[in-house]
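Notes to accompany the following structure.
Here, each number is a calculation from the coordinates, and none is a lab measurement. Here the structure is a predicted model, which means the values were calculated and not measured. With ideal geometry, Cβ positions are generated from the backbone for all residues, glycine too; neighbour counts draw on all protein chains shown.
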Amino acid sequence: MVRTIKFRGKDYLADVFFPVKKELSSWKKSYGNLLRREEKFFFTISEYLLSFPQGEFGPGLVFLSAKAIRGEEINSSLLSKLEKFSLAIEIFHTALLLQNSLVQNVGIVSENGLELNTQKQNSALLFSHYLFSEAFFLLKELELTDLFPKFIEIFREMVEVKIREMDFLNHFRFIEDDYLEVVKSKTAKFLSLACWTGAYLCGGRDLLRESLSNFGLNFGLSLQIVDDCLKVMDENNSFIHDLEIKKDDFSLIYLFPFLPEEERMEVINFLREKKDLPHTRALALVYRTVELALKKAKYFSDQAKENIKILPKSRFRESLIALADFPLERLA
């Protein structure tokens with residue numbers, strides 16, 4: 001009996017990924033085993049990484065894309081390849097997230113609420129290197145010559161865009177195109193690769209692989225934009241009215257490129273300390289920025305759904321369509 005999926009409420013993602021629940025459960029166990037090492041100085045870092053709420057997106061897209069092409073007809077050999085690739089892509093992504101946290105000096109919080117000291121920050125950097133090595137080893141075991149170059153390309157783009165990003169933020173030369181390029185290389189291209197590979201491993205023809213790849217890219221863009229908007233909202237997804245506008249606030253600097261040039265220059269002048277920006281005006285600019293950013297997020301979600309209209313109708317395509325709506329559903 002096929003379950004009727006209702007994509008609503010707090011179990012939204014559980015419902016979306018229900019058609020690949022078994023595969024994700026197996027993947028999650030293997031992922032946890034890779035993160036949980038015996039060394040005590042890695043324990044806090046492992047717990048921090050395992051607490052990420054959205055770690056199933058990449059693996060979920062691999063399995064959903066594969067089944068959108070092949071249906072339920074996936075043998076154990078192919079399933080093993082899908083799981084191994086899902087591990088590689090998420091371990092790789094996790095390593096990059098960990099390094100980004102260190103670069104931006106976002107403290108990894110321990111159980112007692114204290115930021116990690118310098119020694120443990122060094123351990124976190126070492127742990128990210130361990131994760132990179134595991135990801136490349138998993139890819140090597142797959143022996144798929146088409147995948148390795150794609151991974152290397154994304155890794156190179158991630159490092160390059162991170163350097164450019166820091167330059168943009170330090171000199172306030174940050175426009176919408178720059179922001180979107182950063183977002184693409186942070187998350188969207190990983191999700192695009194997850195979709196492409198799921199289709200590729202299942203023998204999907206070029207047009208279907210491209211459609212799913214574009215779906216992952218547009219979904220990833222929408223997801224990251226909404227994530228950045230949520231940083232200036234409270235737990236009820238309402239604007240924080242007493243928000244303090246800081247000159248070193250990364251989340252706000254990321255959002256302001258959506259403003260028209262004249263208003264963006266107000267922010268830049270404020271950040272450069274060339275003039276005061278009244279708090280009420282600053283808040284007005286934040287709210288207008290979020291409004292424009294969310295419109296862009298909806299555009300990318302709609303594009304993602306358009307991308308997969310070519311897929312045959314199935315509950316797997318239905319889940320992908322619902323996933324495209326997830327970023328904005330978080331604001332409901």
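Details
- Cβ-derived FRET efficiency at R0 30 Å, ARG205 paired with GLU153, nearest 0.05: 0.85
- With neighbour counts taken as other beta-carbon atoms within 10 Å, the residues CYS202, CYS195 rank, fewest first, as CYS202, CYS195.
- Loop-located trypsin sites (Lys or Arg not before Pro) in the stretch 144-230, at most 14 other Cβ atoms within 10 Å (DSSP): ARG173, ARG205
- With 0.36 nm allotted per residue and the present C-alpha distance subtracted, the HIS279-LEU142 stretch has 43.8 nm of extension available.
- As a proxy for reagent exposure, ILE310, ILE45, ILE321 were ordered by neighbouring Cβ count within 10 angstrom, fewest first; the result is ILE310, ILE321, ILE45.
- Net length gained if the chain between HIS129 and ILE163 were fully extended (0.36 nm per residue, minus Cα distance): 10.4 nm
- Gain upon complete extension [SER30, GLU266; 0.36 nm per residue less C-alpha separation]: 80.0 nm
- Pairs over the 26 Å Cα-Cα cut-off, from the set LYS162/LYS309; LYS140/LYS313; LYS22/LYS150; LYS186/LYS295: LYS162/LYS309; LYS140/LYS313; LYS22/LYS150.
- Here each label is just a point 7 Å from Cα along the line to Cβ, and for GLU181 and LYS309 those points are 3.1 nm apart.
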